[in-house]
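What follows is a short report on a single structure.
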Ligand SMILES: [Zn+2]
């Protein structure tokens, strides 16, 4: 029996149609988790899955599972998937590629008329990005038992709305318990979000590991005062404190280069008025490294420098590590299935460590898991100019299909 082929053109058409939901003027996508646009993208995905003959369920975190039944429905399924939410200035491929690649695998199995022994599912995980609701990957985290359900549903956005309220509002507060069921394997296809595959002319990234991450929230409180009459020496400027921490965060990242990443991407200044000394600043720090020991060293440096800077300027500090995700080693058998599929098709491939967090990082705790990366233009993501080639996306989807087939016993 010949191996079924995915339809790259159909995959591309679906990606482009989905990209219209939340499309931005600059060619990107803004589809924040649990907004009306998020609901539209979910509705469309479910419609396509039902058209492909799948049974769709939604769990209490709003995770969507579209099941193509196997001969023995009692066997743990092989699951594929990623996320439909984006960053505010997101692109057309981050996340949604892995969701629609899963759907394309199901469509290709249908075209080939293949019956599988166990079920195959395409999934979409809620709020992967962590942009509207922190932390990232919260719903796959609940599925994997990293967070409890109550924690997940009570995450708030900057306006104070909870995930639970917003799931209910858009009609995605499902009734299925979150997790607690065995998966045979989980595969996530994703754009690389870095430059390595493109630089080396590779089509497929065989993802062996993922970086560990630590996220922090810091609030500095000084004193608001008039920018004119207040002498420099008597100021307690919270933004000056934050600025110094930001420079130090960058220094820590450079010190542990090339594998370390250290970023401050969110700063809120109060009262944010041009002639008022900033009295309060809230900002977030993001540290990443594939080696847990180095990540711990970076953590120690941050915990030392923040109180030092605050004391020098006379600021009060609230400091919290809101998230810790240890480095992940993906499952050798699943990694091997990805490698074998790339080799069988003659796609240029290399092993790679994921620099970003993914739903697969949490699912790896409860199921054998691996990922398939494809190149994206200039390694850019979380940006409206994010781009990927149809042929590469199709190749990654074919690898996904064959990795899945290796895990389901064909009739
Ligand atoms: Zn993503």
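Taking region 170-269 as the region of interest, the strands (runs of 3 or more DSSP E) fully inside it that hold 2 or more residues being within 21 Å of residue 282 (Cα to Cα) are 212-221.
Within region 1-27, being surrounded by fewer than 20 Cβ atoms within 10 Å (Cβ to Cβ), within 16 Å of residue 402 (Cα to Cα) and at pLDDT 95 or above holds for 4, 5, 7, 8.
From the list 341, 356, 388, 394, the lone residue that is in a helix (DSSP H, G or I) and either closer than 17 Å to residue 100 by Cβ or within 18 Å of the chain's Cα centre (by Cα) (or both) is 394.
Quick check: is even one residue across region 218-239 within 30 Å of residue 379 (Cβ to Cβ) and either surrounded by fewer than 20 Cβ atoms within 10 Å (Cβ to Cβ) or modelled with pLDDT under 95 (or both)? No; the residues of region 218-239 include none that is within 30 Å of residue 379 (Cβ to Cβ) and either surrounded by fewer than 20 Cβ atoms within 10 Å (Cβ to Cβ) or modelled with pLDDT under 95 (or both).
The set of residues in region 186-213 being more than 19 Å from the chain's Cα centre (by Cα) and either within 12 Å of the ligand (Cβ to nearest atom) or at positive phi (or both) consists of 201 alone. Restricting 121, 150, 117 to those that are free of Cβ contacts under 8 Å to residues at least 12 places away in the same chain and away from the ligand (no atom under 15 Å from the Cβ) reduces the list to 150. The lone criterion from (1) within 16 Å of the ligand (Cβ to nearest atom); (2) closer than 27 Å to residue 2 by Cβ; (3) out of contact with any helix residue (DSSP H, G or I) (no Cβ under 7 Å at 6 or more places or on another chain); (4) not in a helix (DSSP H, G or I) left unmet by residue 135 is number (2). Could you please let me know if residue 41 is part of a strand (DSSP E or B), modelled with pLDDT of 95 or more and within 16 Å of the ligand (Cβ to nearest atom)? Against the criterion (part of a strand (DSSP E or B), modelled with pLDDT of 95 or more and within 16 Å of the ligand (Cβ to nearest atom)), residue 41 does not qualify.
If you go through region 78-97 one residue at a time, do you hit one that is in contact (Cβ under 8 Å) with a residue 24 or more places away in the chain, assigned to a helix (DSSP H, G or I) and either over 14 Å from the mean Cα position of the chain (by Cα) or away from the ligand (no atom under 16 Å from the Cβ) (or both)?
no
The values are calculated or read from the model by the stated rules, or taken from the named source; none is laboratory data. This structure is a prediction, so every number in the text was calculated from the model and none was measured. We place every Cβ from the backbone using ideal geometry, glycine too, and count neighbours over all the protein chains shown.
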